[in-house]
Amino acid sequence: MKQKRLLEILLSLIKIEALSQHEKPVADHILDFLHALNLKPYFDKSSIQTGSDTGNLICKVGNGGDFMLLAHMDTAQPTVGVNPQILADRITSDGTTVLGIDNRVGIAVILFALEKVLLEKNVIKDFTVCFTTCEESTLAGSLNLEIADHIKKCFIFDSSLRPGAFIYSSCGAKKFTVTIKGLASHSGLAPEKGINSIAIAACALSQIRQGRIGDKTTVNIGTISGGSAVNVVPEKTLLTGEVRSAELGMVDEVIAGIKTIFLKESATRGAGLDFKDEWDFKPYNVTPESEIYKDILTVMGKVGLTPVPVASLAGSDANSLNGRGIQAINLGIGAQNPHANDEFILKADLIKISEIALELMQKQRS
Ligand SMILES: [Zn+2]
């Protein structure tokens with residue numbers, strides 16, 4: 001492979017086990033790497049909020065500049081015992097575990113590019129590199145990331161799309177929890193005295209549209225549990241669900257409709273209801289007029305890629321950062337089939353995404 005060093009950095013990262021909230025081993029590995037380059041990485045205080053065994057790892061290059069290059073340190077699935085297979089055109093696992101390239105490819109290309117520009121003494125911009133925790137579980141790392149005032153933009157190396165593609169817009173998601181409080185009673189001796197919370201849930205569910213309910217909106221009831229025994233009228237039923245939409249107002253509108261149905265069905269039968277909802281992540285839309293959008297089109301052109309802007313229905317650190325006023329886009333890194341045992345990356349894609357990182361770091365040659 002053309003970039004042996006890049007592969008070496010990636011393979012050493014893949015071997016490290018670091019699930020969400022347990023990112024310290026990979027954070028320490030990156031810390032050593034950056035120290036060896038005479039940089040001064042530091043941890044923020046986000047672990048207090050995230051519950052992780054480490055903070056986010058941040059490192060200024062020069063004065064830190066006005067943009068960040070970012071990847072997340074956690075993997076969604078364990079990588080213990082991972083046995084990478086280096087094939088002619090791609091890198092895969094041996095099929096018994098994930099490969100862990102979501103998001104170790106993102107970390108590897110940032111570290112590789114940084115090492116290369118520093119060792120070769122290229123003329124580079126000022127910028128900040130950043131490695132977050134808890135992306136896979138809650139986005140809590142980026143939600144609580146310590147961001148310097150001078151940072152305005154963030155290039156995230158974390159989309160499973162091929163290099164060239166970039167996510168400029170993503171849906172938001174709100175999750176909700178419903179508790180129906182009926183009344184327990186003996187099912188044979190006194191069923192009339194009971195209030196059946198499962199029956200109320202069933203009536204409500206029959207009126208709620210699920211799945212794709214519009215162009216940009218989905219609804220899912222993900223879990224349901226209730227009752228205590230076959231001979232007891234079920235007192236309590238608990239449901240959880242989520243609403244996703246590209247439009248902020250639509251999420252609240254759909255949630256309000258769902259709540260009304262549960263309230264009506266519970267009240268009709270004399271049951272109590274507790275309904276809670278909260279944002280998982282908010283939607284964002286980076287417009288073609290914004291600086292970061294123009295920047296990435298320029299960079300893609302320089303490395304010979306055709307830019308492909310994509311709207312996504314999944315959340316990422318880009319949702320947290322855009323929600324916090326930082327322009328952020330998520331770049332396709334070609335880590336395909338993420339979280340599955342057939343996860344793979346084409347060698348050509350790995351090299352291409354590293355070229356994007358290099359281009360972002362180097363000063364424009366006039
Ligand atoms: Zn990821």
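Do we have VAL219 as part of a strand (DSSP E or B), modelled with pLDDT of 95 or more and within 25 Å of the chain's Cα centre (by Cα) here? The answer is yes for VAL219.
Of the residues examined, PHE176 is not one that is within 30 Å of LEU358 (Cα to Cα) and among the aromatic types (Phe, Trp, Tyr). Taken together, the residues in the stretch 248-281 that are of a type in the set (Asp, Glu), loosely packed, with under 14 Cβ neighbours inside 10 Å and within 18 Å of GLU235 (Cβ to Cβ) amount to 1. Against the numbered list (1) surrounded by fewer than 20 Cβ atoms within 10 Å (Cβ to Cβ); (2) of a type outside the set (Lys, Arg); (3) touching a residue at least 60 places away in the same chain (Cβ under 8 Å), LEU297 comes up short only at (3). The single condition from (1) in contact (Cβ under 8 Å) with a residue 24 or more places away in the chain; (2) of a type outside the set (Asp, Glu); (3) farther than 25 Å from VAL308 by Cα; (4) exposed (fewer than 15 other Cβ atoms within 10 Å of the Cβ) that GLY214 fails is (3). Within the set PHE131, PHE166, PHE112, the sole residue that is among the aromatic types (Phe, Trp, Tyr), closer than 24 Å to ILE16 by Cβ and within 16 Å of the ligand (Cβ to nearest atom) turns out to be PHE131.
Each row is one residue, and each column tells you yes or no for (1) in contact with a Phe, Trp or Tyr (Cβ under 8 Å, 6 or more places away or on another chain); (2) of a type outside the set (Phe, Trp, Tyr); (3) outside the structural domain of PHE166 (by TED's automatic domain parsing).
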residue	(1), (2), (3)
ALA229	no, yes, yes
LEU239	no, yes, yes
ALA271	no, yes, yes
THR287	yes, yes, no
LEU305	no, yes, no
ILE326	no, yes, no
ASP342	no, yes, no
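The values are calculated or read from the model by the stated rules, or taken from the named source; none is laboratory data. Remember, predicted model here, so these are calculated numbers, not experimental data. When we count neighbours, we look across all protein chains shown, and the Cβ atoms used for this are built from the backbone with ideal geometry, even at glycine.
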